[in-house]
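Below: one structure, written as structure tokens.
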Amino acid sequence: MTETPITFPLPTHRPELIAFLSTRRSNLAKVMEGPGPDTEIRDKILEIAARVPDHRKLAPWRFVIFEGQARSAFGQHISTAFMAANPTAPADRAIFEGARLIRAPLVVAVISAPVDCPRGTPKWEQELSAGAVCFNMCLAAQAHGFGAQWLTEWYAYDDTVNAALGLTAGQRVAGYIYIGTPTTESAPRTRPNLENITQFWRKI
Ligand SMILES: Cc1cc2nc3c(=O)[nH]c(=O)nc-3n(C[C@H](O)[C@H](O)[C@H](O)COP(=O)(O)O)c2cc1C
């Protein structure tokens, strides 16, 4: 039996994709609920997320998945770190902080994990690739009919929380991607005027 070869078609005009990208909005984590993606779709979302430009195929990123009880268990680390840094905060703030990941049924921490590349890919490029992973994950989740939001909030930058996440030297959180079922449409958001961010190069 001969296998059908996989083909990689040349780019074609995709009006549906253009319409999606032209109107795309993030979905607020605070108005998400279940269900989230099942295991198969979750893994497909992660596979797509990892399909990003990556100079020299270093895969300088990692995923940490939070589902079910893991969300509140990790939330305890967030809450404890917050209260340690803000000892006069009211007790209900501890509850609020502990419930951050509960906002969505699936949260994925995207870790930027740059390597020393003997062939010289700069760390900066590896970190940019981690950003591309975050956005691709949002797009992949939305393409599957889920809502997605890329958040860092304060705990992405907290050493204690990052230790609980398992980060090692040189690794950073590129984002927590919240994925779930949106309960409301996102309001339109003002976008930059192209004229304000674009110029034609001229010889100086
Ligand atoms: C690296 C990064 C971190 C972000 N962190 C937050 C955050 O902590 N809180 C927040 O409200 N939005 C954050 N955002 C913005 C949201 O992801 C999103 O862009 C915003 O809600 C606007 O939605 P839009 O994608 O429709 O423009 C972050 C964006 C990026 C790129």
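Every number in this text was worked out from the coordinates using simple rules, so none of it is lab data. Bear in mind that the values here come from a model prediction, so they are computed numbers and not experimental data. Because the Cβ atoms are built from the backbone with ideal geometry, glycine has one as well, and the counts that use them run over all protein chains shown.
Some values worked out for this structure:
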| quantity | calculated |
| --- | --- |
| Computed over the chain, Kirkwood Rh from alpha-carbon pairs, angstrom | 19.1 Å |
| Length-normalised contact order for segment 64-148 - Cα pairs under 8 Å, 6+ apart - percent | 28 percent |
| Sorted by Cβ neighbour density within 10 Å, fewest at the top, the residues 154, 61, 124 | 124, 154, 61 |
| FRET efficiency for residue 55 and residue 144, using Cβ-Cβ distance with R0 set to 25 Å, rounded to 0.05 | 0.35 |
| Ranking of 97, 195, 47 by count of other Cβ atoms within 10 Å, fewest first | 195, 47, 97 |
| Most fluctuating residue given options 106, 165, 28, as computed from a GNM of the chain linking Cα atoms under 10 Å | 165 |
| Cα centroid of segment 146-167 to Cα centroid of segment 102-137, whole Å | 13 Å |
| Residues with amide H under 5 Å from that of residue 33, placed H, sequence gap 5 or more | 181, 183 |
| Calculated from backbone phi, Karplus (6.51, -1.76, 1.60) coupling profile of segment 124-133 in Hz, x at Gly/Pro | 4, 5, 5, 5, 4, 5, 5, x, 4, 4 |
| Gain on full stretching of the segment that runs from residue 4 to residue 198 - 0.36 nm per residue minus C-alpha separation | 65.3 nm |
| Backbone N within segment 63-89 under 12 Å of label point (7 Å from residue 96 Cα along the Cβ vector) | 89 |
| Ranked list, fewest to most other Cβ atoms within 10 Å of each Cβ, for 108, 31 | 31, 108 |
| Within segment 161-196: backbone nitrogen closer than 18 Å to the residue 84 label point (7 Å, Cα to C-beta) | 161-169, 173 |
